[in-house]
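This report refers to the structure that appears directly beneath it.
The values are calculated or read from the model by the stated rules, or taken from the named source; none is laboratory data. Computed from a predicted structure; not experimentally measured. Quick reminder, even Gly has a Cβ in these numbers, built from the backbone with ideal geometry, and neighbours come from all protein chains shown.
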4 protein chains.
Amino acid sequence: MSGNSFGKLFTVTTAGESHGPALVAIVDGCPPGLELGPEDLQHDLDRRKPGTSRHTTQRQEADEVEILSGVFEGKTTGCPIGLLIRNTDQKSKDYSAIKELFRPAHADYAYHHKYGIRDYRGGGRSSARETAMRVAAGAIARKYLASCGIVVRGYMSQLGPIEIPFKSWDSVAQNAFFCPDPDKVPELEAYMDQLRRDEDSVGARITVIAEGVPPGLGEPIFDRFDADLAHALMSIGAVKGVEIGAGFASIAQRGTEHRDELTPAGFLSNNAGGVLGGISSGQPIVAHLALKPTSSITTPGRSIDIHGKPVEIVTKGRHDPCVGIRATPIAEAMLAIVLMDHLLRQRAQNADVAVETPVLRQL
Amino acid sequence: MSGNSFGKLFTVTTAGESHGPALVAIVDGCPPGLELGPEDLQHDLDRRKPGTSRHTTQRQEADEVEILSGVFEGKTTGCPIGLLIRNTDQKSKDYSAIKELFRPAHADYAYHHKYGIRDYRGGGRSSARETAMRVAAGAIARKYLASCGIVVRGYMSQLGPIEIPFKSWDSVAQNAFFCPDPDKVPELEAYMDQLRRDEDSVGARITVIAEGVPPGLGEPIFDRFDADLAHALMSIGAVKGVEIGAGFASIAQRGTEHRDELTPAGFLSNNAGGVLGGISSGQPIVAHLALKPTSSITTPGRSIDIHGKPVEIVTKGRHDPCVGIRATPIAEAMLAIVLMDHLLRQRAQNADVAVETPVLRQL
Amino acid sequence: MSGNSFGKLFTVTTAGESHGPALVAIVDGCPPGLELGPEDLQHDLDRRKPGTSRHTTQRQEADEVEILSGVFEGKTTGCPIGLLIRNTDQKSKDYSAIKELFRPAHADYAYHHKYGIRDYRGGGRSSARETAMRVAAGAIARKYLASCGIVVRGYMSQLGPIEIPFKSWDSVAQNAFFCPDPDKVPELEAYMDQLRRDEDSVGARITVIAEGVPPGLGEPIFDRFDADLAHALMSIGAVKGVEIGAGFASIAQRGTEHRDELTPAGFLSNNAGGVLGGISSGQPIVAHLALKPTSSITTPGRSIDIHGKPVEIVTKGRHDPCVGIRATPIAEAMLAIVLMDHLLRQRAQNADVAVETPVLRQL
Amino acid sequence: MSGNSFGKLFTVTTAGESHGPALVAIVDGCPPGLELGPEDLQHDLDRRKPGTSRHTTQRQEADEVEILSGVFEGKTTGCPIGLLIRNTDQKSKDYSAIKELFRPAHADYAYHHKYGIRDYRGGGRSSARETAMRVAAGAIARKYLASCGIVVRGYMSQLGPIEIPFKSWDSVAQNAFFCPDPDKVPELEAYMDQLRRDEDSVGARITVIAEGVPPGLGEPIFDRFDADLAHALMSIGAVKGVEIGAGFASIAQRGTEHRDELTPAGFLSNNAGGVLGGISSGQPIVAHLALKPTSSITTPGRSIDIHGKPVEIVTKGRHDPCVGIRATPIAEAMLAIVLMDHLLRQRAQNADVAVETPVLRQL
C-alpha cells in the first residue's frame, strides 16, 4: 500500500538510506518449503555490488545480508522474510558541502519541496544504494521461479552510443558490463576510460528476458503483466524508458509485420515481448530499459541553493560514471518480483482452469 | 487491489465488455464540492468516440454516460461516483467465426489459457472499448486538476513512419488525428487512405504533457510518479513502450547534456520530463508512448485453433486501422488519474511542509 | 484500496445512495467458469428486501439486479462482474425538513464535518440501502463457496431483551425475523408491535456460521481470518460489536475450559469459533454481531442544526424499527465475501502444501 | 497489501518469530519533521515488556529498539522508518517436545495445515512476541497524534470474573495490571496468585480510549473508522471480541436510550463510542476488547500429533497466565495506528473542507 512496498501477493517492502545504519526489507508472500539461505541472496548481491571494477564507484560495501525471519531449518515457512544489510563504508563528510544545494538531475530539489527536510548524505533514500534490497528480494523470487522452470536473465544492450548485439549468455557473466558479446568489451572499456577522463557520465540500455513463463500471468485491465513490469522497471532510479518486445519500433511497423503468427510448432516471432492483452503468452518475456547518465559528475554545473540563490556546483563523492553498468541484476530482480507476484495471483484465481490447447513456445 | 482498479486514493474501478450490455465504473476518492455533471465527462468521451472520421472504426456508439451516484445538486459529495455507459451498436454475429480461433497479436490466446473461457465477441474485456471508462474517469480528474491550475494535454507525435513536430495546441483540436501541425494533416490522411487500401494497420506515438504540476508528487521508491505513470500508460491496450522526458534518447546522452540545470529564473531544460528521483519537480510532466499497429486486419495470417490445429485467419468486424488515432484522450486520462492520485497522496503525508525555496518552472 | 472496496483478491466495490438513481457494484476476482445468473443473486436480495412484513420499512423496492459484465453464456469469465440495481421508490421530499439538522445517532453530523456537503435524502450513502449490493456480491461468493462444500448461514439470536436459542435452520427460513425457534416467533411479533406503539426502536444480535471451511484460511498477522471478518461485519451500518466463538464470554473463562481439545475423532468444543492463531481450523466459523437500535424514531429528541443552534427533532420517513431484522442476509454476505477472499489467498500462496494430518471437524 | 502489513497511508509491516534472531518492522507514511528517537519507542516497549512482575512471563527481553532509517538529525524525513529488536532470551530447547504435537487453542494445528511447515519454537510467528513491533510502531503514531492534540490511553476493565470500574488514569500507570482503580489491585494480585497455584489461566477485558479526535475520520463504507479499528484490535492474538461504545449492550437498548443527543454545549452521552456512520464524531473513541485465557497452561489436556494420534499434552515454557495483563499497550498501539492512518486519509481527500458548524465534544 505504501510507497515503499511493491507487489500484491509477493510483497517487497524496503527501507534504508545510503548513509544510514542499514538497509532493511520485508518480503511477504513467499510460499513455504523453499530451501533458502543467505548464500542464495549473496550471489546476486555480489553481482550488483559496488567496487568490483574500475568502471564503478569505489565505495566498498560487503553487502552481506542477514535473514532475520521467515526461514526455519533452511526452509521458508510462509511467514515474512526479514532481511538486513548493514552499511559499512559511508563517508558522509563528503556531502556536507551540498547540504543546502540542489545537484542538477538529482532528487535533491524534489525531495526538498516534498518533505521540507532531507538526508543529504549520498542522496539518502534516493540513492541507488536502496537497490541492494531489490536484488536480495529478487533473489528469493528467482529461486522460487527456477523451481517452476522460469529463468530470468539480463544484459547490457547499449552503452552510450555503442549498441551491443546479443551473442551469448556465457559472455554476460564474464565481464564487468554484463556485455553479451566478448568482442565488444574492449570497446566498452576504452569508452569508459575516456569518459572518466572527460569527467562525464553516460546512459545505457539494459535488456531483461524471462524464459519458461507459463501463459496466463497478468490481470487485465490495470494490472496487466506489462503494466506492472513497466511500473517495476521505471521505479528503478535513473530509468527513463521501458519497452516491451518491439517497443518503440512498433510505431513504424505494419500490422502484418508486427503480429506474431502462431503455428502448431510455436510462435513465429516475438514482437509482443511475450505479452498479449496484458497476459503472458508463453513466449519469452522481453523488456528493455533506458537509463540516463549518472547525475553525479565533477564537471561544474549551474544550480541554486535552498534560498533560491544561484550557485556553481561540482558533485564529489564516489559515483558510478554509468549507473547502467550495475543495473542488470537490479532489472532482473524487478522482473523476477513481478513474475512471482503474478504467478501467485494466477494460482489464486484460476487454479481450476485446464485447457486442452497446447502451450506454444517461440520458435 | 483487484486487477480492474487503479489508484490508491483516487481509485478507478471498471468493468464491461465490448459486446456486453454496458460499461460501468466506480470512481472513488474525488474530493467533495467539485461541480460535476455528465457534460463534463461527455466532452472527453466524444473526443475518444469511434466513428467520427473515416480513419477510425465505423462502430457507432453515442457513449452517453450516466452518473449514478456521488453527485448531489450538481456537486461531488466525496462518495463514490458510479458511471454507466450502455453499449448500443454491438454486432456480435461478426465474431462467431472466431469463436475457436486465436487471432494473432490479439489477447485471444492468452485469455484462453488464463481463464479457459472467453467472451470472443469483439475481444470481450480485452477490447479497447473499455477505455471509454478510463476517459470518463479521467475527465473527473481533469476537472479537479484544472481547479488546481494543472492542465493535461496530449497529441500524436508520430504516425507510422511520419514524425510530427509540435506546432500548436490549437491544431490538435482541429483534426481527427490530434495532430499538432495543421500542415501535416494531409500527409497523415493520404497515409491512412493508402493503409486502408493495403488492408494493413500501423503504429503511432502519443505525447502527453501536464503543466502547472506542483513539485512533490510521487512516493519513493516504488510508487514514484514516473513508475505509476508508466504503469498507467502501459496498461492501455496496444501500448508497447513508455518514455519519461528524454526517454530512450538518454542512453546516448552525456551527463553534462542530460542534466537540467537550475537557475533562479527556472530550469534550463527538461530532459527529466518533470520528474526527479521519482518526484515531480514543477517542470512540465512529459511522457511518450508507443502504440503497436492494430492487430485486426483483413490481410490473412497464420494461426491455430483451440485444438492446436493450424488455420488461416482474416479478422473481420469494424476496426481502427491505427489505434493510436483515438489514443490521445485515453493517455491524457491516465496521466490525469495518476496526477490526481498523487496530488491526494502528497496532501495526506506532507500537509504541513512549507519551504521558503521558490518553485521553479521550466524556462 | 478505496474506502468503498473490500477484499484483496475477491474485491467488492460499491457505490450508490439511498435516493440516487441506482446502486452499482463491481465484483472482481470471481474465478471463471461459475454458472451465474441474476436469479442467483435475487434469492438473497429478496431475503434482505424491505417491505415484506409489517415489522420492516414500508419502502417498496423490487431490488432487481442486472448483471452488466463478467458473465458470458451463463458462466463467469474471470472478468469483473458489474451489477446494477435501480432505485424505484424514493420519496425524497420526506427529507427536506432535515436538510440543515443533524439527527442524533445518524451519520449526519459526522458526514457534515467530513465532507462539508451531504446528500441528506434518506441518509444518502450512509443509508442501509447500500447493503443491497453487499448481498448481491455475497451471493456470488456463496454460490462459489457452495461448489467447494462451504455453507454460510445465519440467524437472529437476540431481539432486544429476548434471547433466542438455536433450534433449527428450517425455522430461520420460515419467519420474517430469521428466528431459529418457531415457538419464539409470537413473542417477537408481540414485542415489535408494542415497540411500534411506543414509537421506539431496539437492537438485535445476529449469529453467522460457516460450515465445511477448510483449515488454513487467514493470513497472519494483520489479515487474520477473524480480523478481516471483524472488519467486514463492523463495516455494516449499526453494528457496534463483533465476537468470534466464545467472544466476550472468554474473559471469565479459565484456560482449561476455553481450550478446544482435539481427539482423532474431532474437536471437542468450539470456543475458538473456528479460528486458531487467525487461521481457520476446520471447525465451523462462528461469529456474533450486535446491532444498535434504529436511530430513526418518531419520539422527539434534542439536537442542533448546522449553525450550532439547538433544535428538537423528529425523524420521519419509512424506517425499520429494528435494523437487525433484515441484517441476517447482510451478515451472511459479508462472511461469504471474507471466506471467498481468503480461499483465493490461501490457494495463491500455499498451492503446494500437502500434509498427511487428517482434517478434524467439530464433534 | 500483504498479510503482515496494516494501514493504507500509515503502513506498518512487521516480520519476526518468537525464537528467531530478531523482530523487524518498516513504518511507512510518517510525515516528515517529527522529532523521534529510540527513547520515544522505548517507553511503550517497556510498558509491554515481559518479566516486569510475577504475574507475567519470566522471559527476560530488553526489547531494545534500533531505528535503522527514516530519521535524520533527530527528525523523521518522510522516508520509511526501519526498526529492529534483537531477540536475546530465547530458550528454544523448551519446545522440541512439541515439535510434532498440536497444543490445544494454539495456532499449531492451523499453521500446520496452512503452511505444512512451522517454526514450533515458542509459537514462531504466532507468538505474542510479534506485538513488540506493534507497540514500537504505535509509539510513532502516538507521538505524532499527541502533536495534534490526540491522546490515546487504555486500561484493564475486567480480569476474569472481576469487573474493574474506571477510577483514574493515574492509577493505570502505577500497577502491573493497568488497573484504573488502586483499591482493586490487591484483589487482582490475589486472584492471579491463586490462578498460578491452580496451573490455569484466565481472560481479560481491555478498554482503549482516544480523546481530542477531530470529527471526520473514517472512510465509508468498508473502511469505516470502527471497521478498521475492529480489524486492528481483532488482529491481536487472543482477542475474541471487539465493541465500539455501548457494544453488545446496544442489543437491549431502546433507540431513545441509545441515541446520543446533541446540544450546543456538546453530546449528552457516548453510546456511539465516538463513531457515527463509520466516521469519528469528535466524541472520545471508546473500544473494548475481550482476550481469551492463555492457551499455554501446565494442566494436561487432550490433543493429537501430526500423524493424527491422540496424545496428552502439557505446555511448558515461560508464559503469561493472563495475556490480557500486558495487552493494554498493544491495544493502545493499534488504536493509535488506525487513528494515524485515518488522519492522513482525511487530509488527503478533504483538505479543503471547512464548515462553520462548531465541533462538539462530549459533556
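Observations on the model:
- The residues listed here are B:GLY124, B:GLY138; of these, the one that is buried (at least 24 other Cβ atoms within 10 Å of the Cβ) and in contact with a Cys (Cβ under 8 Å, 6 or more places away or on another chain) is B:GLY124.
- Residue under evaluation A:SER18, criteria (1) touching a helix residue (DSSP H, G or I) at 6+ places or on another chain (Cβ under 8 Å); (2) surrounded by 24 or more Cβ atoms within 10 Å (Cβ to Cβ); (3) of a type outside the set (Lys, Arg), criterion not met: (2)
- Any hit, the stretch C:256-270, residues being within 15 Å of C:SER157 (Cβ to Cβ) and not in a loop (DSSP other than H, G, I, E, B): no
- Between B:LYS316, B:LYS309, B:LYS292, the distinction of being basic (Lys, Arg) and in contact with a Lys or Arg (Cβ under 9 Å, 6 or more places away or on another chain) belongs to B:LYS292 only.
- Helices (runs of 4 or more DSSP H) fully within the stretch C:106-178 counting 3 or more residues that are more than 14 Å from every other protein chain (Cβ to nearest Cβ): C:131-147, C:169-172
- Residues that are at pLDDT 95 or above, over 19 Å from A:THR298 (Cβ atoms), away from every other protein chain (no Cβ under 13 Å) and surrounded by fewer than 21 Cβ atoms within 10 Å (Cβ to Cβ) do occur in the stretch A:23-39.
- All positions within the stretch D:232-247 that are touching a residue at least 40 places away in the same chain (Cβ under 8 Å) and in contact with a His (Cβ under 7 Å, 6 or more places away or on another chain): D:GLU243, D:GLY247
- Check on D:ALA139, in contact (Cβ under 8 Å) with a residue 24 or more places away in the chain and either within 26 Å of D:HIS43 (Cβ to Cβ) or more than 22 Å from the chain's Cα centre (by Cα) (or both): yes
- Criterion violated by B:THR299 - all others in (1) assigned to a loop (DSSP other than H, G, I, E, B); (2) of a type outside the set (Gly, Ala, Ser); (3) in contact with a strand residue (DSSP E or B) (Cβ under 6 Å, 6 or more places away or on another chain) satisfied: (3)
- In the stretch A:197-214, residue nearest to A:LEU9 (Cα to Cα) [restricted to those that are more than 7 Å from chain B (Cβ to nearest Cβ) and charged (D, E, K, R)]: A:GLU211
- Restricting the stretch C:179-203 to residues that are in contact with a Ser or Thr (Cβ under 7 Å, 6 or more places away or on another chain) and part of a loop (DSSP other than H, G, I, E, B) leaves a set whose member that is farthest from C:VAL239 (Cα to Cα) is C:ASP181.
- Checking each residue in the stretch B:302-320 for being at the interface with chain A (Cβ under 8 Å from one of its Cβ atoms), in contact with a strand residue (DSSP E or B) (Cβ under 7 Å, 6 or more places away or on another chain) and either part of a loop (DSSP other than H, G, I, E, B) or not aliphatic (A, V, I, L, M) (or both) picks out B:ARG302, B:SER303, B:PRO310.
- Given (1) under 23 Å from C:ASN270 (Cα atoms); (2) surrounded by fewer than 22 Cβ atoms within 10 Å (Cβ to Cβ), number of the condition C:ILE162 does not satisfy: (1)
- Qualifying residue in the stretch C:215-225 (condition: part of a loop (DSSP other than H, G, I, E, B), among the basic types (Lys, Arg) and at the interface with chain D (Cβ under 9 Å from one of its Cβ atoms)): yes
- Out of B:SER281, B:SER296, B:SER250, one residue alone is within 30 Å of B:PRO50 (Cα to Cα), at the interface with chain A (Cβ under 9 Å from one of its Cβ atoms) and small (Gly, Ala, Ser). It is B:SER296.
- Test: residue in the stretch D:91-98 that is more than 13 Å from chain C (Cβ to nearest Cβ), under 18 Å from A:GLY20 (Cα atoms) and among the acidic types (Asp, Glu): no
- Options D:GLY247, D:GLY241: the member that is within 30 Å of C:GLY122 (Cβ to Cβ), at pLDDT 95 or above and small (Gly, Ala, Ser): D:GLY247
- Filter pass, D:ALA105 being touching a residue at least 60 places away in the same chain (Cβ under 8 Å) and farther than 30 Å from D:LEU344 by Cβ: yes
- Restricting A:LEU262, A:LEU217, A:LEU229, A:LEU233 to residues that are buried (at least 24 other Cβ atoms within 10 Å of the Cβ), modelled with pLDDT of 95 or more, of a type outside the set (Lys, Arg) and closer than 19 Å to B:SER296 by Cα narrows the list to A:LEU262.
- Residues of the stretch D:253-278 that are facing chain C (nearest Cβ under 7 Å), farther than 21 Å from C:ALA128 by Cβ and of a type in the set (A, V, I, L, M): D:LEU262 alone.
- Boolean, B:HIS43 is farther than 25 Å from B:ARG347 by Cβ and more than 10 Å from chain C (Cβ to nearest Cβ): yes
- Residue tally, condition out of contact with any strand residue (DSSP E or B) (no Cβ under 6 Å at 6 or more places or on another chain) and either closer than 11 Å to B:PRO293 by Cα or in a helix (DSSP H, G or I) (or both), over the stretch A:230-245: 2
- Leading residue by the ranking (nearest to D:LEU83 (Cα to Cα)) among those in the stretch D:148-159 that are surrounded by 13 or more Cβ atoms within 10 Å (Cβ to Cβ) and among the small types (Gly, Ala, Ser): D:GLY154
- Looking only at the stretch A:64-86, and only at residues there that are in a loop (DSSP other than H, G, I, E, B) and surrounded by fewer than 22 Cβ atoms within 10 Å (Cβ to Cβ), the one that is nearest to the other protein chains (Cβ to nearest Cβ): A:GLU73
- Among the residues making up the stretch D:258-277, those that are closer than 15 Å to C:ILE313 by Cα and of a type outside the set (A, V, I, L, M, F, W, C) are D:ARG259, D:ASP260, D:GLU261, D:THR263, D:PRO264.
- Within the stretch C:321-363, being more than 10 Å from every other protein chain (Cβ to nearest Cβ) and among the basic types (Lys, Arg) holds for C:ARG326, C:ARG361.
- Condition check for D:PHE10 on (1) free of Cβ contacts under 8 Å to residues at least 60 places away in the same chain; (2) within 14 Å of chain C (Cβ to nearest Cβ); (3) not small (Gly, Ala, Ser): one failure, at (1).
- Qualifying residue in the stretch B:104-117 (condition: more than 30 Å from C:ILE117 (Cα to Cα), among the hydrophobic types (A, V, I, L, M, F, W, C) and surrounded by fewer than 23 Cβ atoms within 10 Å (Cβ to Cβ)): yes
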